[in-house]
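Structure, as structure tokens:
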Amino acid sequence: MSAAQWRKAMNSGAGRAAISGRPARGQTPVSVVQSGGLTPALAFVRLRHVLVLLALLAFPWLATPFITFQIGAQSLTLGLIALSLTFLGGYGGMISLAQMTVAGIAGYMVAIFGAAASSDASISLGWPWWLAVPVAIAIATLCAAFIGWLSVRTEGIYTIMITLAVGVAFYYLCLQNYSVFNGFQGFQRVQAPSVLGLNWRDPLPFYHLVLFWSLAGYFCVKYLLRAPFGIALQGIRDNPRRMNSLGYNVTAHRVAAYAVAGVMAAIGGVLLVWYNGLIGPGSVGTSWIINILVIAVLGGMRHPIGAFLGAIVFVLLQTFAIDLFDRERFNLVIGGVFLVIVLFSPDGLLGWWAGLQQRFSTMRPTGRTSHRGDSP
């Protein structure tokens, strides 16, 4: 259905009632947000976005290069991959455990098509980065769409198991295949390129590179959620049968959502392999598959910014928890934090914050009240 047909259906009343009707229990209704006469492309831009952007731009000038690279760049990179899961799970109702797999496919493709060090020098083709990176993102996006095509015909635990099976299968493929993926050794020295004399591997340039793509992914999701495609996707999440009866192709919308999420995960995978400087089977193992899910849930699955908040918490714990605990006990620490947040706030950190705001707002005096015994 085209955008013009969608607007006609929404204005007719029947389509508006079908899409913005009462959602299922525990789900938010789907609505079109129009704010102050702004166009849909600018309707979600607020003062807080400008303030956060200024803070992010000032961060590397106030922090050390280690903090800028280790905390800032890594958090934004993992947050971009987790954002793809947030988009699928929070707004499409599809929990995919294959997002880190898609990111790993992009990372491997960059190493294979570009320049990397391996035990077999003939594996890497040595293409220039401006050709290897788009090809890697395109292949990863196609793989994401294929994974979506396999899993969208199921729901709930079956979708989770299919995507988990794809992720585990790709892990063992990378581990056991030496002719293409170089086995357990993977690829070393997969470095970010130097453009016009600027080395993107350096902390400051790499941070700004990751910041640009993270902001692009965030605002792309915010825009899509207000576009006809995003509103239809949320309607499919709430009631797929009703949306199908209105003429929407439920399967096509879900596969397209996997493709959109695949683009974000693929870009995050390219940035992650440049951040680490290497890629191997451990980068796409089950531990990292679960870590992306933990990051998305920590921040809040129904908020695009939640993916980045969860990534910040995860990276901070990963970086500084080893000063208090053994490195082998990190999973126990992150598991405890995850359990506490899920138990007390099913909507993650942002849900916790919203609950505190609501509690304090109810405690504020609403006006002048008269007490028993006082004169009128």
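In order along segment 175-192, the Karplus-derived 3J(HN,Hα) couplings, from 6.51 cos²θ - 1.76 cosθ + 1.60 at θ = phi - 60°, round to 6, 9, 9, 10, 6, 10, 9, 6, x, 6, 6, x, 10, 10, 6, 8, 8, 5 Hz, and Gly and Pro are given as x.
For a Förster distance of 25 Å, can you work out the FRET efficiency between the beta-carbons of Tyr178 and Asn276, rounded to the nearest 0.05? In this case the efficiency is close to 0.75. The Stokes-Einstein estimate for segment 62-312, based on a Kirkwood radius over Cα pairs and taken at 10 °C with 1.306 mPa s viscosity, is a diffusion coefficient of 87 µm²/s. Amide hydrogen proximity for Gly114: with H placed 1.01 Å from N in the peptide plane, the residues at 5 or more positions away or on another chain lying under 5 Å are Leu125, Gly126, Trp127.
Amide H contacts under 5 Å for Leu278: Val190, restricted to partners 5 or more places along the chain or on a different chain, H placed in the peptide plane at 1.01 Å from N.
Note: segment 62-161, Cα convex hull, 148 Å³ per residue.
Taking a ≥ b ≥ c as the square roots of the Cα gyration tensor eigenvalues, with a/c under 1.5 meaning rounded and otherwise prolate when a/b beats b/c, else oblate, which class fits segment 277-325? The shape class here is oblate. Residue ranges 68-77, 302-311, 193-202 sort as 302-311, 68-77, 193-202 when ordered by packing (mean number of other C-beta atoms within 10 Å per residue, highest first). For the peptides 168-176, 292-300, the ranking by packing is 292-300, 168-176, with the highest mean count of neighbouring Cβ atoms within 10 Å listed first.
We did not get these values from a lab; they are worked out from the coordinates using the rules stated. All values reported here derive from a predicted model rather than from experimental measurement. Using ideal geometry, Cβ is built from the backbone for each residue, glycine included, and neighbour counts are taken over all protein chains shown.
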